[in-house]
Amino acid sequence: MKALGLIIVALVGAILVYATIDFPPFGDPESPASLHVSPRYLEKTLEETAVPNAVTSVLADYRSFDTMFETTVIFCAGVACFLLLRVPRRRPPAPRQFRHRLTGLTFRIKDGGEFVLPVREFEPVDSIWTPYDLIIETICRYLIPFIQIFGLYVIAHGHYSPGGGFQGGVILGASIILLSVSHNLRTALKRMGEKTSALFSPLGVLIYTGTGVLCLVLGYNFLDYQALAALLPGGPIMARSHGIFLVEVGVGMAVMGTMVWIFKNLASRGRYDEGL
Amino acid sequence: MEEILGLVIARYNYWIYITLMMVGLYGMIAKNNLVKKIVGMNIFQTAIILFYVSIGVKKGATIPIIEHSHDVAHQAVRAADYINPLPHVLMLTAIVVSVATLGVALAVAVTVYQRHQTLEEDEILKQIREP
């Protein structure tokens, strides 16, 4: 199998290298990909949508239909992970290990044992992950709010600087995953439960398609944001800019929800009791 | 000699991506462990993403954010001054979708592990053949 694989790989690689002779040179401004539709986008984006960032305007306006289904693909991936891994919750097992917050000592409760000490001085600990690092926990606790603010900034400022719904959504999702990695899954679930993350991803898709349907209801084409000029101030060009923002918020929510949802399902193998 | 050198300098980027892509393809074909196969798939995807992004490069051009100011009426935009935004848009969505597919692939791997207690392909096939 290894030798066969090596032969196949060498053959395919040789054919591909041979094909590159017909390719345009690196950095060629006259390459075919840069000649047909992309100059149109670059020249008209500021005029037509009032969005200087051409990537955002192409993503959410000129090619918004494509992006809508990409969002749907992400949502479907989240649902697939859920259906593959999630096991119906039996009775949630009572946490059997506790750590004293001040001394860091870990106590193990035997089966049938009763925990009688004052509970607020103790915190439940995973049976497979007992180590505990004060420095990592504290630093992450202070860092996560700033990461989330930055994520919101990336979503909101995507019109004028590199950024947008996908990037901001991933940053927001990563902040929750960081909380889960630095503490444990239980802490992350307290901040963002299973239902919240599972609700965020269809809600984001709904905001996206809802914007499109709203344009349809107002008498324009699907996802033609000019229609929003009837509802929002600033005329048809600004309406396209606002429409892009609405859609980006939907994308950000869908991406964030799905990232967190997939991570929780994978980290706890669908049991949502213990994990990273 | 000069000709070949010119060819190499103009197209070495494609060859880097082809090497990377073949590393991923070899991982998918030859590796026995399912997680290693998934890693190979991700390397493959990364090569394609790099390939698309490099198509958008124009020499002497800047990022595709149009220069603008509020008080000056905007002049005509020269497309040659800005890199091609289209590959960036396509790859932006592709990156996030590849993360989602990675999640599904790992979920399938976890399910396989739960059923067969192994991730090695030959052991799984043996278990399937002799129930």
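The values are calculated or read from the model by the stated rules, or taken from the named source; none is laboratory data. Remember, predicted model here, so these are calculated numbers, not experimental data. In this analysis, Cβ positions are derived from the backbone assuming ideal geometry, glycine residues included, and neighbour counts consider all displayed protein chains. Quick note on the areas: whole protein, heavy atoms, side chains included, nothing else; ligands and nucleic acids left out. Shrake-Rupley method; radii C 1.70, N 1.55, O 1.52, S 1.80 Å.
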About its Cα centre, the stretch A:55-267 carries a charge dipole, from +1 on Lys and Arg Cβ atoms and -1 on Asp and Glu Cβ atoms, whose size in debye to the nearest 20 is 880
Short to long, in 10 Å steps from zero, the percent of alpha-carbon pairs of the protein assembly as shown per bin is 4, 17, 23, 24, 18, 9, 4, 1, 0
Taking a straight Cα-to-Cα line shorter than 30 Å from B:Lys36, and setting aside same-chain lysines fewer than 8 residues away, one finds A:Lys2, A:Lys264, B:Lys126
Placing each pseudo-label 7 Å from Cα in the direction of the beta carbon, A:Leu216 and A:Lys110 end up separated by a distance in nanometres of 6.6
Subtracting the Cα-Cα distance of A:His157 and A:Leu83 from 0.36 nm times their residue separation yields 23.1 nm
The ³J(HN,Hα) series, computed from each phi in the stretch A:189-198 with the Karplus coefficients 6.51, -1.76 and 1.60 at θ = phi - 60°, rounded to the nearest Hz and given as x for glycine or proline, is 5, 5, 7, 9, x, 4, 5, 4, 5, 6
Between the modelled labels at B:Gln117 and B:Glu67 (7 Å from Cα along Cα→Cβ) the distance in nm is 6.9
With a 1.4 Å probe and ligands and nucleic acids left out, the total accessible area lost when B pairs with A, in Å² to the nearest 100, equals 4900
Dividing the helical contributions, -39500 (n - 2.57) per DSSP H run of n ≥ 4, by the residues of chain B yields a 222 nm value, nearest 500 deg cm²/dmol, of -24500 deg cm²/dmol
Subtracting the Cα-Cα distance of A:Leu231 and A:Arg191 from 0.36 nm times their residue separation yields 10.9 nm
Of the candidates B:Gln114, B:Asn84, B:Thr101, the farthest towards the positive dipole end of the stretch B:52-131 (Lys/Arg Cβ +1, Asp/Glu Cβ -1, centred on the Cα centre) is B:Asn84
Whole-Hz Karplus couplings 3J(HN,Hα) for the stretch A:202-219, θ = phi - 60° and coefficients 6.51, -1.76, 1.60, Gly and Pro as x, run x, 5, x, 4, 5, 4, 4, 5, x, 4, x, 5, 4, 4, 5, 5, 7, x
Buried by partner chains in the stretch B:34-60 (accessible area down by at least 30 Å² vs chain alone, 1.4 Å probe, heavy atoms, protein only) are B:Ile55, B:Val57, B:Lys58, B:Lys59
Sorted list, accessible surface of protein heavy atoms, 1.4 Å probe, largest first, for A:Trp261, B:Trp15 is B:Trp15, A:Trp261
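Provide the FRET efficiency to the nearest 0.05 for the A:Lys2-A:Phe69 pair, computing r from the beta carbons and using R0 = 35 Å.
Values: r = 39 Å, r/R0 = 1.11.
With R0 = 35 Å, the Cβ-Cβ based efficiency is 0.35.
For B:Thr93, what is the net charge nearby, where nearby means another residue's Cβ is under 15 Å from its Cβ and Lys, Arg count +1, Asp, Glu -1?
-3
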Share of accessible surface on carbon and sulfur in the protein assembly as shown, whole %, 1.4 Å probe and ligands ignored, is 67
Between the modelled labels at B:Val108 and B:Asn32 (7 Å from Cα along Cα→Cβ) the distance in nm is 2.2
Counting only residues 5 or more apart in sequence or on a different chain, those whose built amide H sits under 5 Å from that of A:Phe107 are A:Phe98, A:Arg99, A:His100
Computed from the beta carbon distance with a Förster radius of 35 Å, FRET efficiency for A:Glu121 and A:Ile149 to the nearest 0.05 stands at 0.60
